[in-house]
Structure formats: C-alpha cells, structure tokens
Amino acid sequence: MYILMLAGPHRCGKTSVLNDVYDELIRSGAEVIETRTQLGADPKAFKAVLRYKEKRIALCTMGDLSREVCDAMRAYAQKQADFLLIACNERLKKPFKLINNYDHRIIWKRKSHALFWERHINEAALDLVKTIAALAQSASPL
C-alpha cells in the first residue's frame, strides 16, 4: 500500500482537500467500493474506498486522532488498498512512525498559508489526483 499523507495543524484544510480529491476522483470516473461514511461530529470528515484506474484508493480524514490514523493505516493495508489518502495532524507522533512501514509521501500543509490554501484547495486536489494517476500507472510503489 502506498500512503499519501496530508499533514498539518488542526483546521488547516486537510479534510477540505481530501473532500475535493474524493469529488474529483468521482468526476474522473472512479467507482465507489465502500460508500462514503461520515466520521465523528464533523460533517466533512469521512472514510471511503474507490476504484480508480484499476487501483483501490482508500480515503480517511479523521486526522486529529492518533489512534484513528494508525488504525486506518493498518485496516486499509489488511483490506489490500493500493493507496491510502489520509489526513494527519502534525502534532501526532505515532502515525509518523507507523508510516515508515509503508511506501509513502507526506505532503505538508502549513497554517500560515491558510488564505492561499483556501483559494487553491481545488488545485491541490487536482494535483493529488494527478499524483495518484501517475503512481497507479507506475509499478514502482506497488
């Protein structure tokens, strides 16, 4: 499993980007394997599994809780997801240790750029989708 982790401080836009990534994958023809399910009280927080370019892509936005992030990594590895897109609060320690057991890329999101980020969430989502498409065609991380 290849993990793309969107890491940054609380409320910096990680979940918003992953929501846009989900929407863009659906627009690009992804098939829903596991229905989008809300996580916790935040109506934007979710988990889901899609099939895109013959790869299973799991998404999970419950990134402010260490146990949830680590459990998601283990669970989606067991479910044989090809990719996991996950949010993770930068203050957590265990997920950053566990991710080293997987092929991964960490994308850092800084709060100081929040206004810029909010204006460019859709661009960030499109970039992540392009990254997924490129990785899905490459045999190297899988």
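Taking the charge dipole of the range 1-48 about its Cα centre, with +1 at Lys and Arg Cβ atoms and -1 at Asp and Glu Cβ atoms, the residue from 29, 3, 16 reaching farthest to the positive side is 16.
Checking the Cα-Cα distances for 93/130; 14/47; 14/97; 53/94 against a 25 Å cut-off, the pairs over it are 93/130; 53/94. The calculated FRET efficiency for residue 54 paired with residue 10, based on their beta-carbon distance and R0 = 22 Å, is about 0.05. For residue 33, neighbours were defined as the other residues whose beta-carbon sits under 15 Å from its Cβ, and their charges (Lys and Arg +1, Asp and Glu -1) total +3.
A short reminder: the numbers here are calculations on the coordinates, not readings from a lab. A quick note: this is a predicted structure, and the numbers were derived from the prediction, not measured. Note: ideal-geometry Cβ built from the backbone for every residue, glycine included; neighbour counts use all protein chains shown.
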